[in-house]
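The values are calculated or read from the model by the stated rules, or taken from the named source; none is laboratory data. Only a predicted model underlies this, so the values are computations on that prediction, with no experimental measurement involved. Here Cβ is always computed from backbone atoms with ideal geometry, including for glycine, and neighbour counts include all displayed protein chains.
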């Protein structure tokens, strides 16, 4: 005998999808860190699927489980954030593999950073830098006026003389040990959005016997266009 399929409450499915996407939009750094565009039929290159699949209990997707004084939220916090961090990890790993300019310096200062940027070429103009968290206190406490951290509307920037570069710090989910400078010419993030509403995150929710099959993902790739338009600067971690 075939068991009847679960009937999901559409408003709960919608709320789950909205929560995942709001959390993703808040966490994601892609649009601020690199150039991006939507994929076209001409993009025949392989894409990465960054996401997760799990089987959820039906109570979060069906109203009848919430009765009387019992209320079960249709949200699972952390899903959207996990997708955004997965994208950032993929991006950083792609940058580490694709950037040609690599420099080793013995200290982090205005002189060493400026020299490394000059050595990357006269047209190199970084707009983004990924910095290991080990340098967080050193840069925030820096008394060197020519290289310092400043904030504008909660966004973090590294000032190198008159040059302002958007900062993204490493974390336990996205680890790296070198400063990674990115010129917008380096490459582009290409994304295949949800075919229905064009959001970057696709959320597929289907009944699966006594569970609910949930697939949350983005389909994207970072294409290196000019490997010389980046810089990996290796500096010993501060003691």
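Taking the stretch 198-228 on its own, how many of its residues are modelled with pLDDT under 95 and not in a strand (DSSP E or B)?
2
Go through (1) more than 20 Å from residue 82 (Cα to Cα); (2) surrounded by fewer than 18 Cβ atoms within 10 Å (Cβ to Cβ) and name the single condition residue 233 misses.
Evaluating residue 233 over (1) more than 20 Å from residue 82 (Cα to Cα); (2) surrounded by fewer than 18 Cβ atoms within 10 Å (Cβ to Cβ) leaves (2) as the failure.
Can you pull out the residues in the stretch 205-222 that are surrounded by fewer than 16 Cβ atoms within 10 Å (Cβ to Cβ) and at negative phi?
Of everything in the stretch 205-222, those that are surrounded by fewer than 16 Cβ atoms within 10 Å (Cβ to Cβ) and at negative phi turn out to be 206, 208, 210, 211, 213, 215.
Can you work out which of the residues in the stretch 60-119 that are under 15 Å from residue 178 (Cβ atoms) and without any contact (Cβ under 8 Å) to a residue 12 or more places away in the chain is surrounded by the fewest Cβ atoms within 10 Å (Cβ to Cβ)?
Among those that are under 15 Å from residue 178 (Cβ atoms) and without any contact (Cβ under 8 Å) to a residue 12 or more places away in the chain, it is 97.
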